[in-house]
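Read the structure below first, then the notes.
The values are calculated or read from the model by the stated rules, or taken from the named source; none is laboratory data. Remember, predicted model here, so these are calculated numbers, not experimental data. Note that each Cβ is placed from the backbone with ideal geometry, even for glycine, and that neighbours are counted across all protein chains shown. Heads up: the accessible areas ignore ligands, DNA and RNA and are worked out on the full protein's heavy atoms, side chains in. Shrake-Rupley method; radii C 1.70, N 1.55, O 1.52, S 1.80 Å.
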Amino acid sequence: MTGFLASIVEAYGELRVNKGRILLSLIGVAFSVFALTTVMGAGGMLGGALQQSMEKSGGRDTVLSIQSMGDMTYEVDEFGTENITSSGPQDEVTGPELDEFVFEQIDRLGIEHRTRRAYSDVRIQTTQGVQTSALNGVDPSYATMYRMQVERGRWISDSDQHRLAPALVVNQPLYETLGSPELGTEPVTLYGPTGAQESAQAIIIGVLPPDASTDYGPQAYIATDGLAAVPGYDENAPAASEYLVWVPPEQADAVRSQLASALSGGGAGSFDVYPTSFGVEEMSIYKVFGYAIAGVAVVILLLGAMGLVNISLVTVRYRVREIGIRRSYGATGGRVFFGVLMESVVATVLAGVVGVGAAVALVKAPFVTDFFREQGLVDIPPFPVDAVVVGLLAATAVGVLAGALPALIATRIKVIDAIRS
């Protein structure tokens, strides 16, 4: 260990002496590592933006959808023919009883994130007259499972399930059409399917940020149990169109099988359990994107290594007298080889630290993070650690590759060469 540390100190001293010769090559290495780390870090964050964008529509990895199939079971035989058979008294189960039964099976598996989702429409009084808006009945965990964040106000909570005045979270187009009412205090009027006889007052508690991928029309979210207070809503309708749970990807298949078996064997009819989300790795375009990033990184790395090799060879030729004198005082070939090699490695590691630091500063700059948010990145992740590690390892590898040939040449220098020089 002492010899190794001494070699590093000696290499650093030689770098200070010969800094004029290798400064330009180190700038090239630092730039190469900077470009490599920036490409990998930005690529990782763009992949995260793509993943989060998909999670806003399909849910996190892995969200399972549980849908009641009624008292009918659909089976496909070996010939591809679909057979429909009766499987239970589903018609006798009410909405609250079905919710209790499904949630009981979910709780038995220890699943924390769950939500119901029901689809409906509501007529709402706006500044441009009465307009129809899509209405989604969900539970509080829905925001976590689908990466939804409110820009103003708050999201739905458990206390909103049984309010006399329904609490709504709306998207930006609907909020602007409503005249931007004051959140939490100023009521808006909801109407039944026809006419104005059936009406109720609702309170806007939150507004979603603008999103071009989802703002294709007015959208509102309400607590699932709060749907009963919406004018014209059918109280006899099932409380939920589907149930959603979020489980770890590695447990998805096992949970899916257990849920389907437990639910279908509980006397409430048959259920279909299937994943609604998928990872970005499943997209072929993402794999091509990853290969392209790797190719650019390799080219950048090779260019940096070639520049350093040329400078190192020139430096060794200028140091023939110095190396010959060392050999005359008993320095072994291995000692000379390791010393010259460490000079290259120490130089590239220092350049790599500078390049990685500059890359992190650039990718985490406010104008860059704002760009990622525009691409759909909801939660700005930290700079990818693997990009930092790869950048430093690449700098070290460049130093080893660039220093190996000059170090080998240095070991062949003889004392007589020093005398002649």
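Would you mind telling me which numbered condition in (1) within 21 Å of Gln52 (Cα to Cα); (2) surrounded by 19 or more Cβ atoms within 10 Å (Cβ to Cβ) Asp211 fails?
Among (1) within 21 Å of Gln52 (Cα to Cα); (2) surrounded by 19 or more Cβ atoms within 10 Å (Cβ to Cβ), Asp211 violates only (2).
Within the group Gly88, Gly3, Gly13, Gly44, which residue is crowded, with 17+ Cβ neighbours inside 10 Å, assigned to a helix (DSSP H, G or I), modelled with pLDDT under 80 and small (Gly, Ala, Ser)?
Gly44
Give Thr132, Thr115, Thr144 a once-over and let me know the one that is in a strand (DSSP E or B) and either modelled with pLDDT under 90 or open to solvent by 40 Å² or more (accessible area, probe 1.4 Å) (or both).
Exactly one residue qualifies, and that residue is Thr132.
How many of the residues in segment 229-259 are closer than 22 Å to Thr132 by Cα and at pLDDT 85 or above?
Of the residues in segment 229-259, 3 are closer than 22 Å to Thr132 by Cα and at pLDDT 85 or above.
Would you be able to say whether some residue in segment 381-389 is surrounded by 15 or more Cβ atoms within 10 Å (Cβ to Cβ) and either at pLDDT 85 or above or over 18 Å from the mean Cα position of the chain (by Cα) (or both)?
yes
Checking Arg60 against (1) within 17 Å of the chain's Cα centre (by Cα); (2) open to solvent by less than 30 Å² (accessible area, probe 1.4 Å); (3) at pLDDT 80 or above: exactly one of these is not met. Which one?
Evaluating Arg60 over (1) within 17 Å of the chain's Cα centre (by Cα); (2) open to solvent by less than 30 Å² (accessible area, probe 1.4 Å); (3) at pLDDT 80 or above leaves (2) as the failure.
Which of the residues that make up segment 189-222 are under 13 Å from Ala165 (Cα atoms) and either free of Cβ contacts under 8 Å to residues at least 24 places away in the same chain or out of contact with any Ser or Thr (no Cβ under 8 Å at 6 or more places or on another chain) (or both)?
Once the filter is applied, which keeps residues that are under 13 Å from Ala165 (Cα atoms) and either free of Cβ contacts under 8 Å to residues at least 24 places away in the same chain or out of contact with any Ser or Thr (no Cβ under 8 Å at 6 or more places or on another chain) (or both), segment 189-222 yields Ile204, Ile205, Ile222.
Being of a type outside the set (A, V, I, L, M, F, W, C) and buried (at least 18 other Cβ atoms within 10 Å of the Cβ) is the filter here, so list the residues in segment 178-205 that pass it.
Listed by number, the list holds a single entry, Tyr191.
Any chance you could count how many residues in segment 315-356 are open to solvent by 40 Å² or more (accessible area, probe 1.4 Å) and in a helix (DSSP H, G or I)?
Total meeting the criteria: 16.
Going through Asp215, Asp211 one at a time, which residue ends up being touching a Lys or Arg at 6+ places or on another chain (Cβ under 9 Å) and of a type outside the set (Ser, Thr, Tyr)?
Values: Asp215 fails: touching a Lys or Arg at 6+ places or on another chain (Cβ under 9 Å).
After ruling out the rest, the residue left standing is Asp211.
Take segment 98-112 and flag every residue that is open to solvent by less than 70 Å² (accessible area, probe 1.4 Å), at negative phi and either assigned to a helix (DSSP H, G or I) or not aliphatic (A, V, I, L, M) (or both). Reasoning before the result, please.
From segment 98-112, those open to solvent by less than 70 Å² (accessible area, probe 1.4 Å) are 98-99, 101-103, 105-106, 109-111; that's our starting set.
When the remaining residues are screened for being at negative phi, the result is 98-99, 101-103, 105-106, 109, 111.
Result: Leu98, Asp99, Phe101, Val102, Phe103, Gln105, Ile106.
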